[in-house]
1. Report whether or not residue 133 is more than 27 Å from residue 56 (Cα to Cα), of a type outside the set (Lys, Arg) and not assigned by the TED database to the domain that holds residue 63.
2. Look at the stretch 43-89 and say how many of its residues are within 19 Å of residue 151 (Cβ to Cβ) and in a helix (DSSP H, G or I).
3. Please go through the stretch 45-74 and pick out each residue that is without any contact (Cβ under 8 Å) to a residue 40 or more places away in the chain, aliphatic (A, V, I, L, M) and more than 21 Å from residue 177 (Cα to Cα).
4. Would you point out the residue of the stretch 98-145, among those that are among the small types (Gly, Ala, Ser) and surrounded by 16 or more Cβ atoms within 10 Å (Cβ to Cβ), that is farthest from residue 87 (Cα to Cα)?
5. Just need a number here: residues in the stretch 14-25 that are touching a helix residue (DSSP H, G or I) at 6+ places or on another chain (Cβ under 8 Å) and surrounded by fewer than 22 Cβ atoms within 10 Å (Cβ to Cβ).
6. Restricting attention to the stretch 33-66, report how many residues are of a type in the set (A, V, I, L, M) and either in contact with a Gly (Cβ under 7 Å, 6 or more places away or on another chain) or assigned by the TED database to the domain that holds residue 139 (or both).
7. Which is of a type in the set (Ser, Thr, Tyr), under 16 Å from the mean Cα position of the chain (by Cα) and either at pLDDT 85 or above or in a strand (DSSP E or B) (or both), of 149, 116?
8. Filter the stretch 70-89 down to residues that are of a type in the set (Gly, Ala, Ser) and either assigned by the TED database to the domain that holds residue 166 or surrounded by 15 or more Cβ atoms within 10 Å (Cβ to Cβ) (or both), then give me how many there are.
Amino acid sequence: MKITKLNDLLSSRKLTVLGFPAFQQLAPLSNQDAVLAVLSVLPAPVVAEQGYTEYYAPRIPRGAKYASAEDVLAADLDVDLYQVHKVESAAPVIIVTQHQAAIDLLLTNMPELSGTPIITGNASVEDVAGKHVYGQLPPFMLAHCDAYTTVTVPGFDAAKHSDMSVNELLEQGLQMQIKGAYRVTAISG
């Protein structure tokens with residue numbers, strides 16, 4: 001049976017949930033007598049580093065916020081099943097992020113990316129297809145990339161930090177984490 005809705009996943013799998021608290025609250029609501037599955041809203045490389053190679057990811061609409069499991073259940077989000085594994089990539093590189101501070105931090109930490117094309121708006125499948133993407137994308141877009149290197153700044157709050165310079169971010173104690181290259185593949189579930 002192919003699972004395409006989060007509420008169906010809850011009723012048919014015992015979930016290990018990675019990510020935001022509202023989603024973590026779903027784990028005890030899942031079918032405790034069923035086969036184990038992973039649901040994650042974390043970047044694919046973080047999922048892989050935690051030892052998981054297959055996981056479900058919800059399609060969260062841009063700008064959506066969920067305060068509780070009830071909010072998530074009410075949304076009845078679509079889910080997709082993915083595999084993730086580390087790769088070497090020689091594909092053309094692009095940077096995809098909406099945050100100028102993240103771009104500045106990335107280019108400061110990785111000067112070899114200077115001159116790399118940067119997409120700061122909404123990226124399309126055509127923009128990322130066959131490319132090695134540095135930045136942040138949802139899994140359904142990652143499945144079209146040749147490789148993906150997640151770039152995160154733990155503690156970064158777009159509402160507070162987006163307009164800060166690299167030096168101001170560093171003064172706030174914010175450091176960039178860059179994970180290796182991973183490939184995310186959509187599979188039928």
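The values are calculated or read from the model by the stated rules, or taken from the named source; none is laboratory data. Small disclaimer: the values here were computed from a predicted structure and weren't measured. Cβ: placed from backbone, ideal geometry, glycine included. Neighbour counts: every protein chain shown.
1. On the way: more than 27 Å from residue 56 (Cα to Cα): no; of a type outside the set (Lys, Arg): yes; not assigned by the TED database to the domain that holds residue 63: yes.
For residue 133, the condition - more than 27 Å from residue 56 (Cα to Cα), of a type outside the set (Lys, Arg) and not assigned by the TED database to the domain that holds residue 63 - is not met.
2. Going through the stretch 43-89 one residue at a time, the tally reaches 6.
3. 64, 74
4. Of the stretch 98-145, the ones among the small types (Gly, Ala, Ser) are 101-102, 114-115, 121, 123-124, 129-130, 135, 143.
Retained after the next criterion (residues that are surrounded by 16 or more Cβ atoms within 10 Å (Cβ to Cβ)): 101-102, 123, 135, 143.
On the way: 101: 27, 102: 24, 123: 22, 135: 16, 143: 14 Å.
Among them, the one singled out is 101.
5. We begin by selecting, within the stretch 14-25, every residue touching a helix residue (DSSP H, G or I) at 6+ places or on another chain (Cβ under 8 Å); these are 15-18, 22-23, 25.
Those still in the list that are surrounded by fewer than 22 Cβ atoms within 10 Å (Cβ to Cβ) too: 16, 18, 22, 25.
The total comes to 4.
6. Keep residues of the stretch 33-66 that are of a type in the set (A, V, I, L, M), which gives 34-39, 41-42, 44, 46-48, 57, 60, 64.
Checking which are either in contact with a Gly (Cβ under 7 Å, 6 or more places away or on another chain) or assigned by the TED database to the domain that holds residue 139 (or both) leaves us with 41-42.
Result for the stretch 33-66: 2.
7. On the way: 116 fails: under 16 Å from the mean Cα position of the chain (by Cα).
Step by step, each of 149, 116 is checked, and only 149 is of a type in the set (Ser, Thr, Tyr), under 16 Å from the mean Cα position of the chain (by Cα) and either at pLDDT 85 or above or in a strand (DSSP E or B) (or both).
8. Initially, the stretch 70-89 is screened for residues of a type in the set (Gly, Ala, Ser), giving 74-75, 89.
In the following step, the residues that additionally are either assigned by the TED database to the domain that holds residue 166 or surrounded by 15 or more Cβ atoms within 10 Å (Cβ to Cβ) (or both) were identified as 75, 89.
Count: 2.
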